Amino acid sequence: MRLLVIEDEARIAELLAAALTRAGFTVDAVGGCEVARAAFAVATYDAVILDLGLPDGDGLSLLQKLRSEGNQTPILVLTARDAVEDRVSGLDTGADDYLIKPFAMTELIARTKALLRRPGGALGTVLVAGNISFDTVGRDVRVGSILVLLTRREAAILEHLMRRLGRVVPKTLLEERLYGIDDELESNAIPVHIHHLRRKLLDAAGTAEIHTVRGLGYVLTDVES
Amino acid sequence: MIPRRFRSLQVRLAVRLAILYVAATAAIIGVLIYRAYDTAGSLNERELSLRAADLARHIAVGSDGRAVLQLPASLAAEYDSTHDTDIFAIRGVNGLVIAALPQSFGALTRPWPAASDDPSFFHLKDFGSKSQDYYGLSISEDSVAGPVSISVARASGADMLVHSLLREFVMDIAWIIPLFVIVTIVIAVLVIRSGLRSVREVSGMAAAIGPSTTSVRLPDESLPSEVTPLVAAVNHAFDRLAEGFAVQRQFTAHAAHELRTPLAIITAALDAMEGGEELMKLRRDVARMNRLVEQLLRVARLDAVALDVSDTVDLNDVAANVVAAMAPWALTQSRTIAFADARTPVRIKGNANAIEDAVRNLVENALAHSPAGTEVMVVAKSQGSISVADRGPGVLLDEREKVFQRFWRGKKSIGHGAGLGLAIVKEVMKAHRGSVRIGENPEGGAVFTLVFPLDGAATPASVHNESS
């Protein structure tokens, strides 16, 4: 799994590369837009980590250029909070995700893995949270090696939660994705599914837990984090 | 310091005009009165000369060869009726009185020298039956009986006509001149007012200029040319201020970069290390430093650059975003966050990022002050508010103003904050013309409420206490 880190600050690039290498990735680190474009010409990357403040050009314009050339490599943008505010619209045009500095290295690795697990991503079809794994093609869910039987909707909910591991999934989003316009939707349909899902994962001794964020939605956390 | 109203151009002009008019009026009236008296005096003189000549014409030589005065009946009647005011005496060459009215005047003039061709003037005091003052002249006139000295005089009260004319004239002037003064001053003030209208408009524009509108410059096309140098100078001042703001912004950006990068390096390096309790403590310290730097930069930005609060923001979305972002972190701290939206959109004019920042600061505080296992409640209300309720110790009444001061930390401060979070909240609310209120949670704890004006209705930015 090969990643390109575009970061002008040598020490940060070094530390990012070290952390990502420890996480099992092959990492190329470059310090500017030109070098980055040269790197794209000679190698294929599974994901890119892009710092927006580069000495020889704006990271956002590099991003837009790559996208306009048809490059679909998942890109995780690193930026400061005030830069987010200045350029929120820019981030919408091409970045797959962004992290606000300062960030924890574990968060960066988790987000990178999440990008690679997206449909068509390099990590393939198996989502992982704690000891729970979800094969999105075969639609089977295992805790450890034990297969857990889920209904179609329970599985769909779990997939959403696992794709956004550690982040809140709004209840309204689950309702939209799980139910068509014609489906009769009872107000407690999602909570009921969540309840069943929780019990099944608990019974199988799963090490990831579904938490309710009252009034908003649900978040899946693995016990380690 | 000159009192404010005397610095008004209108008042100054009106006062000066009024003084000028009063002085000019006094001078004009004085000259007019002097001229009137002067003219009256010469008129009197002419009349007396005419009368003398008239009297000389009516001198005839009597049958005894002596000169006699033969006045026509009408003239005699006239002199009769005014014998107290108009007096005369005619003396012959030999000094004998030919005729006199009254006779006592003849007796008086007898010792006088013979008059010459040039009139000589005299003044009689307390003369006659009524003891009046008389002014008169003596002149030598030719008559059929040879040259005669004629003295004519008139009582001083007799120029009443002239006096009454003057009085009438002064009264007329007194009437018209103040009226004229008032009308002129009113016209002058109106002209100035209309001339200064464009100045007032430009003043309005200048008043609206703030840190967020540093590009606005005052137009000088419609202004009086006297004011344009001032406007040009003000515009130049704005130019320099705008430059100052730009420098400040650059400084903020530079400071951000310079401080963040080494901190990011330390953070990443510590993340990569493996170690014991000391390393955990170091990581916490660096996290605190990161937060402090971010907050300092936030405060600097709020000070330097006015927030753009022109976007339409739904408070439900803003609050939900913060809850979603903070909930996972809260879970790692064994606390939960709950959210209740207003069920209807709560749209205000504002800056979503800044409001998120304010709510995030409140939620961070709430989580820091809540006991483990409790829930922080975030509520958006249709009245245009977002409140954050915790189950912590609450905020003491006498600390409710102080908590918003920069770098203020309570005596029982638990967290590791620098005391900037609530200062940021206050600044953000000020920029939105809203307020922050501190209340008590009925279930124990504190409730911080951000109140925004709905529909752009402005309420003064302030911090209130609210005891429920």
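Observations
- For the stretch B:97-107, the set of residues classified as modelled with pLDDT of 80 or more and under 15 Å from B:ILE59 (Cα atoms) consists of B:VAL97, B:ILE98, B:ALA99, B:ALA100, listed by residue number.
- Members of the stretch B:351-375 found to be polar (S, T, N, Q), assigned to a loop (DSSP other than H, G, I, E, B) and within 21 Å of B:LEU396 (Cα to Cα), listed by number: B:SER370, B:THR374
- The sole residue among B:ALA264, B:ALA268 that is facing chain A (nearest Cβ under 9 Å), buried (at least 17 other Cβ atoms within 10 Å of the Cβ) and in contact with a Lys or Arg (Cβ under 7 Å, 6 or more places away or on another chain) is B:ALA264.
- Hey, A:THR151 over 19 Å from the mean Cα position of the chain (by Cα) and either closer than 26 Å to B:MET377 by Cα or in the same structural domain as A:VAL48 (by TED's automatic domain parsing) (or both) or not: no
- Residues of the stretch B:304-325 classified as more than 9 Å from every other protein chain (Cβ to nearest Cβ) and in a helix (DSSP H, G or I), total: 8
- Pick from the stretch A:38-47, criterion crowded, with 16+ Cβ neighbours inside 10 Å and outside any loop (DSSP other than H, G, I, E, B), ranking: farthest from the other protein chains (Cβ to nearest Cβ): A:PHE40
- Scanning the stretch B:227-240 for residues that are within 13 Å of another protein chain (Cβ to nearest Cβ) and farther than 25 Å from A:ALA13 by Cβ turns up nothing.
- You will find that of B:ARG406, B:ARG391, the residue that is away from every other protein chain (no Cβ under 12 Å), in a loop (DSSP other than H, G, I, E, B), closer than 27 Å to A:ALA80 by Cα and in contact (Cβ under 8 Å) with a residue 12 or more places away in the chain is B:ARG406 and no other.
- Against the list (1) at pLDDT below 80; (2) assigned to a helix (DSSP H, G or I); (3) touching a Gly at 6+ places or on another chain (Cβ under 9 Å), the condition B:ASP84 fails is (2).
- Single match in B:LEU108, B:LEU48 (criterion: assigned to a helix (DSSP H, G or I) and touching a Leu at 6+ places or on another chain (Cβ under 7 Å)): B:LEU48
- Some residue of the stretch B:287-303 being within 9 Å of another protein chain (Cβ to nearest Cβ) and more than 19 Å from B:ARG406 (Cα to Cα): yes
- Residue list for the stretch A:187-222, filter: within 17 Å of A:PHE134 (Cα to Cα) and within 14 Å of chain B (Cβ to nearest Cβ): A:ALA208, A:GLU209, A:ILE210, A:VAL219, A:LEU220, A:THR221, A:ASP222
- Of all residues in the stretch B:236-260 being surrounded by fewer than 16 Cβ atoms within 10 Å (Cβ to Cβ) and at pLDDT 80 or above, the one that is farthest from B:MET205 (Cα to Cα): B:VAL247
- From A:LEU62, A:LEU50, A:LEU3, A:LEU66, residue being crowded, with 19+ Cβ neighbours inside 10 Å, away from chain B (no Cβ under 13 Å), over 21 Å from the mean Cα position of the chain (by Cα) and not in a loop (DSSP other than H, G, I, E, B): A:LEU62
- Annotation: B:GLY157 fulfils all but one of (1) in contact with a strand residue (DSSP E or B) (Cβ under 7 Å, 6 or more places away or on another chain); (2) surrounded by 15 or more Cβ atoms within 10 Å (Cβ to Cβ); (3) modelled with pLDDT under 75; the unmet one is (2).
- Members of the stretch A:82-131 found to be part of a helix (DSSP H, G or I), touching a strand residue (DSSP E or B) at 6+ places or on another chain (Cβ under 7 Å) and at pLDDT below 85, listed by number: A:VAL84, A:LEU91
- Selection status of B:LEU362, hydrophobic (A, V, I, L, M, F, W, C), within 49 Å of the chain's Cα centre (by Cα), at pLDDT 90 or above and crowded, with 21+ Cβ neighbours inside 10 Å: yes
- Only one of B:ARG240, B:ARG283, B:ARG217 that is free of Cβ contacts under 8 Å to residues at least 40 places away in the same chain and not in a helix (DSSP H, G or I): B:ARG217
- The lone criterion from (1) within 26 Å of A:ARG2 (Cα to Cα); (2) touching a helix residue (DSSP H, G or I) at 6+ places or on another chain (Cβ under 8 Å) left unmet by A:GLU107 is number (2).
- Here B:ALA340 does not qualify as surrounded by fewer than 18 Cβ atoms within 10 Å (Cβ to Cβ), at pLDDT 90 or above and away from chain A (no Cβ under 13 Å).
- Checking each residue in the stretch B:327-337 for being more than 9 Å from chain A (Cβ to nearest Cβ) and crowded, with 21+ Cβ neighbours inside 10 Å picks out only B:ARG335.
The values are calculated or read from the model by the stated rules, or taken from the named source; none is laboratory data. As the structure is a computational prediction, the values presented were derived from the model and not from experiment. Methodologically, a virtual Cβ is constructed for each residue, glycine included, from the backbone with ideal geometry; neighbour enumeration extends over all protein chains shown.
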